[in-house]
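Report on the structure given below.
None of the figures in this text is laboratory data; all of them are computed from the coordinates on show. Model, not experiment: these values are computed from the prediction. Note: ideal-geometry Cβ built from the backbone for every residue, glycine included; neighbour counts use all protein chains shown.
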Amino acid sequence: MKAKIRKLVVVVDETRIEMNKEVKPATRRAVAMAVIENPFAGKYVESLEELSDIGEELGGLLGDKCVQALGIQPGQAESYGKGAIVGEAGELEHAAAILHPKLGKPLRKAVEKGAALVPSAKKMGSLGSAIDVPLGHKDAAFVRSHFDAIEARVSDAPRANEIVVAVAVTDSGRPLPRVGGLQTSEIKGEDGLR
């Protein structure tokens, strides 16, 4: 593995009651985070291919960790998202190199299919910085019930020479959704939109 991982953290968020109404089945979201060494911390490098390769490794690893944490089969995953926080000795483009060119394909394999774009967020930060990882339905971007986010944070990261990489997966949409739009039962999953 090219990624030098200092720490892996997996968190599951389960909502059982919302506005005094029981949520059945409970909505569950998982976020898996890897704290990695930034190989380009403190220096400008023209080619960021090494970070793209690290993103490819982490897409599958973190996607699998989320599916396992939810206790579901890959095909039961409904939403996904990704995010990264770069420590102060790095640059925002380091997060882009990890998240965009290659991370998506192994994440889609981890959740079976994934016709829709994987929503993403990136930022610079320091120890304990949080990022809201955006979520969207994995096969149809127009499913409003799955527009959501989950906070990702590691208390002792990122250090100046680190990057926190986060992948989130859900087994459902928001609790008690009622803003209309395309329903999960109407998904065709052909173009990533509907």
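The local environment of Gly90, defined by Cβ-Cβ distances under 12 Å, has a net charge of -1 under the rule Lys, Arg +1 and Asp, Glu -1.
In square nanometres, what is one fourth of the surface area of the convex hull spanned by the alpha carbons of the stretch 139-184?
On the way: hull surface 18.4 nm².
Mean shadow area of the hull around the Cα atoms is 4.6 nm².
Taking amide H as placed 1.01 Å from N in the peptide plane, the amide H of Lys122 sits under 5 Å from that of Ala84, each at least 5 places away or on another chain. Taking every C-alpha pair closer than 8 Å and separated by at least 6 residues, the mean separation divided by the residue count of the stretch 6-75 gives a relative contact order of 35 percent. The stretch 55-194 has equivalent-ellipsoid semi-axes of 27, 15, 13 Å, by the square roots of 5 times the alpha carbon gyration tensor eigenvalues, sorted largest first. Summing Lys and Arg as +1 and Asp and Glu as -1 over all other residues whose Cβ lies under 11 Å from the Cβ of Leu127 gives a net charge of -1.
Loop only by DSSP, 11 or fewer other Cβ within 10 Å of the Cβ. Give me the chymotrypsin sites (Phe, Trp or Tyr not before Pro) in the stretch 1-96 that pass, ordered by residue number.
In loop regions of the stretch 1-96 (DSSP not H, G, I, E or B), the sparsely surrounded chymotrypsin sites (Phe, Trp or Tyr not before Pro) are Tyr44.
May I ask which of Lys2/Lys102; Lys24/Lys82; Lys102/Lys188; Lys24/Lys122; Lys43/Lys123 have a Cα-Cα span longer than 22 Å here? Walk me through the numbers on the way to the answer.
On the way: Lys2/Lys102 14 Å; Lys24/Lys82 27 Å; Lys102/Lys188 25 Å; Lys24/Lys122 33 Å; Lys43/Lys123 18 Å.
Pairs exceeding 22 Å: Lys24/Lys82; Lys102/Lys188; Lys24/Lys122.
Farthest toward the positive end of the dipole of the chain, out of Gly173, Ala115, Asn38, is the Cα of Gly173, where the dipole comes from beta carbon charges about the Cα centre.
Under a 10 Å cutoff between Cα atoms, tell me which one of Val118, Val35, Val179 has the largest fluctuation in the Gaussian network model of the chain. Result for the chain, Cα springs under 10 Å: Val179 fluctuates most. The Cβ shell under 10 Å around Arg174 holds other residues with a net charge of +1, Lys and Arg each +1, Asp and Glu each -1.
So for each of 181-190, 12-21 I average, over its residues, the number of other beta carbons within 10 Å; can you give me the resulting order with the highest mean first?
Details: 181-190: 13.0, 12-21: 11.1.
In descending order of packing, they fall as 181-190, 12-21.
Each residue of the stretch 15-22 is assigned a 3J(HN,Hα), and the resulting list reads 9, 10, 9, 9, 6, 6, 10, 5 Hz, derived from the Karplus form 6.51 cos²θ - 1.76 cosθ + 1.60 (θ = phi - 60°), x at Gly and Pro.
Average projected area of the Cα convex hull of the stretch 29-119, in nm²? Working shown, then result.
Details: hull surface 22.5 nm².
Averaging across all directions leaves 5.6 nm² for the Cα convex hull.
Principal semi-axes of the equivalent ellipsoid, √(5λ) from the alpha carbon gyration tensor of the stretch 86-140, are 25, 12, 8 Å from largest down.
Magnitude of the Cβ-charge dipole of the chain, K/R +1 and D/E -1, about the Cα centre, nearest 20 debye? Before the final figure, lay out the partial values.
Numbers: 27 positive and 27 negative charges, 90 e Å.
Dipole of the chain, to the nearest 20 debye: 440 debye.
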